[in-house]
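Written out below as structure tokens is the structure these notes cover.
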Amino acid sequence: MSTDAEFSTLTYPALRNQRQDDRDDRARAGGHAAGYAAGLRAAEAEVAARIAQLDAEHAAVVSHARARTDRAVALLAAACAALDSRTVPVLETAHAILAEGAIQLAEAVVASEFSDVGTAAASALHRALATVDASGVHVVRLNPDDLGVLDADLLAATGVTFVPDPSLGRGDAVTEFADGYLDCRVSSAIERARTAIAEARS
């Protein structure tokens, strides 16, 4: 019989505590949920930051484009103003020359027409009475040469008194009323046309 002692490791069975296991499971689940929620929050924060960055970049692009457009419009307006400052005086001068040319042409045409004695006299008579009521006319003054070529019966038929006036030119007439007169002189008509053109241009 041997006197040597032999030793062996004793193994005790683990005693599980169900309540502790449940707490551990809940803790692990809570940890996973907390980690997941934290991850979501971090992702949302990153997305929000990216959106804010994109919005800022877009706003900067729009602002830059608007500034460039405003500068372009301002430059265009300045160019138009500069062009107007050069062309408007030229156009005004051209209009003045054309208007004066038209007046001179009218004067030349009238002078040519009135070179015929009969035409000048008939025109003077027509302008003196065409737009007035003959019954209200006091007297009509005509150039003596014009009055001399007009038909006496025609003058009498108007019922108006005609008086020769050497101060009037060929084709001129002045119709007098009790309270005023109508200036039918050719020079006055041309001057009125010149004034009307000048006022229209101003």
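The values are calculated or read from the model by the stated rules, or taken from the named source; none is laboratory data. The structure displayed is predicted, hence computed values, not measured ones. So basically every Cβ, Gly included, is an ideal-geometry build from the backbone, and we count neighbours across all protein chains shown.
Take segment 116-147 and flag every residue that is surrounded by fewer than 21 Cβ atoms within 10 Å (Cβ to Cβ), within 52 Å of the chain's Cα centre (by Cα) and of a type in the set (D, E, K, R).
D116, R127, D133
Residue under question is T161, and the condition is that it be exposed (fewer than 14 other Cβ atoms within 10 Å of the Cβ), under 18 Å from V132 (Cβ atoms) and at pLDDT 90 or above; does it hold?
It is true that T161 is exposed (fewer than 14 other Cβ atoms within 10 Å of the Cβ), under 18 Å from V132 (Cβ atoms) and at pLDDT 90 or above.
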